[in-house]
Amino acid sequence: MADGSLFVVSAPAGCGKDTILNELFKKTDAAGYAVSATTRAPREGEVDGVHYCFLTRPEFEEKIKSGEVLEYTDYCGNYYGTLRKSVRDVLDSGKDAILKIEVEGAMNIKKQFPEAVLVFILPPSWEILEKRLRDRGTETEDKIIERTRQARAEVAFAKNYDYLIVNDDLSAAVDDLLSILKAERLRRVNNAALLQKFDG
Ligand code: 5GP
């Protein structure tokens, strides 16, 4: 069996990455979500330990100190970070581990794990992205402006990613991501045991 890989999925807010990942996990059980920690408040419907580990700032800082956080960032006034244990738990179960993190975290992960596969999700256009942010209705106007500015800064990092997906059709975007997972599973370096079978 192929070994699981580490995938990083990034996208500006409003590009549909949560929806794409939710659909992906319905379609495959070969990949698992590595739950991040954050100090932001839970949104409606978000469950502690499933969507995020929701921590206070002192709790988060304690985890940084004790080396439990692989990378972290201060994004829009809140800490977000990848928990070493979340990644290890998914990989140990033989699945691909998927991190849903912003661009600086992604660069940081790539530095620590050069074999990590980086996937960036783009909106069809800036106009559509701004409309999606407004329609979501979960943010104040100030936050929408801040997130729109942030989106432009984030897309500037897309050139450092391995794969690009444009989300103008949900099921096509999910299929694109599934294809990327499958292609990585077929890579020779992820299939060392398979070739051993044919030695001699
Ligand atoms: P949201 O508040 O919308 O859930 O997330 C805000 C941003 O933080 C998103 O771009 C999300 O991908 C990013 N994020 C979530 N978890 C992590 C993490 O563990 N590390 C980093 N660097 N970014 C994260």
Checklist line | Solvent accessible area, Å² - K182, 1.4 Å probe, full protein context | finding: 130 Å²
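Place a +1 charge on the Cβ of each Lys and Arg in the chain and a -1 charge on the Cβ of each Asp and Glu, then give the dipole magnitude about the Cα centre in debye, rounded to the nearest 20. Please list the in-between numbers first.
Working: 29 positive and 34 negative charges, 75 e Å.
I would put it at about 360 debye.
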Next item on the list: Please identify which residues in segment 114-153 have an amide N closer than 17 Å to a label point set 7 Å out from the Cα of D168, following the Cα→Cβ vector.
Entry: 121-132
Margin query: With angles folded into 0 to 90 degrees, how steeply does helix 141-155 sit against the dominant principal axis of the chain? Use alpha carbons for both and round to 10.
Written below: 30 degrees
Notebook entry, point to check: Which angle between 0 and 90 degrees, to the nearest 10, do you get for helix 170-186 versus the longest principal axis of the chain when only C-alpha atoms count?
Noted result: 30 degrees
Notebook entry, point to check: If the cut-off is 26 Å between C-alpha atoms, which lysines fall inside it for K17, apart from same-chain ones fewer than 8 positions away?
Noted result: K26, K27, K85, K95, K100, K110, K111, K131, K143, K159, K182
Next item on the list: Would you compute, from DSSP H runs of 4+ residues alone, the mean residue ellipticity of the chain at 222 nm, taking -39500 (n - 2.57) per run and dividing by the full residue count, rounded to the nearest 500?
Entry: -13000 deg cm²/dmol
Next item on the list: Using the charge dipole of the chain (Lys, Arg: +1 at Cβ; Asp, Glu: -1 at Cβ; taken about the Cα centre), state which of F113, T39, G16 has its Cα farthest towards the positive end.
Entry: F113
Next item on the list: Could you go through segment 119-126 in sequence order and give the Karplus-derived ³J(HN,Hα) for each residue, using 6.51 cos²θ - 1.76 cosθ + 1.60 with θ = phi - 60°, rounded to whole Hz, and x for Gly and Pro?
Entry: 10, 10, 9, 9, x, x, 6, 5
Check: For the Cα atoms of the chain, what angle does the longest principal axis make with the long axis of helix 17-27, in degrees from 0 to 90, nearest 10?
Finding: 40 degrees
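Between S179 and A41, how high is the FRET efficiency from 1/(1 + (r/R0)^6) when r is the Cβ-Cβ distance and R₀ = 41 Å? Nearest 0.05. Intermediate values should be presented prior to the final figure.
On the way: r = 36 Å, r/R0 = 0.87.
Plugging the Cβ-Cβ distance into 1/(1 + (r/R0)^6) gives 0.70.
Ranked by accessible surface with a 1.4 Å probe, highest first, in what order do D89, D199 come? Display every interim value, and only then the final one.
Details: D89 75, D199 115 Å².
Of D89, D199, the descending order of accessible area is D199, D89.
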Item checked: the chain - Rg (one decimal) and Dmax (whole number), Cα, Å -> 17.4, 66
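Of E184, E130, which has the most accessible area with a 1.4 Å probe, and how do the rest follow in descending order?
On the way: E184 15, E130 70 Å².
Ranking E184, E130 by accessible area, largest first, yields E130, E184.
Working with all protein chains in place, sort L194, L133 by solvent-accessible area computed with a 1.4 Å probe, largest first. Walk me through the numbers before you get to the answer.
Values: L194 90, L133 5 Å².
If we order L194, L133 from most to least accessible, we get L194, L133.
The values are calculated or read from the model by the stated rules, or taken from the named source; none is laboratory data. This is a predicted model, so every value here is computed, not measured. Positions of Cβ are generated from backbone atoms using ideal geometry, with glycine treated the same way; all protein chains shown enter the neighbour counts. When the accessible area is computed, the model is the full protein with side chains, heavy atoms only, and any ligands, DNA or RNA have been set aside. Shrake-Rupley method; radii C 1.70, N 1.55, O 1.52, S 1.80 Å.
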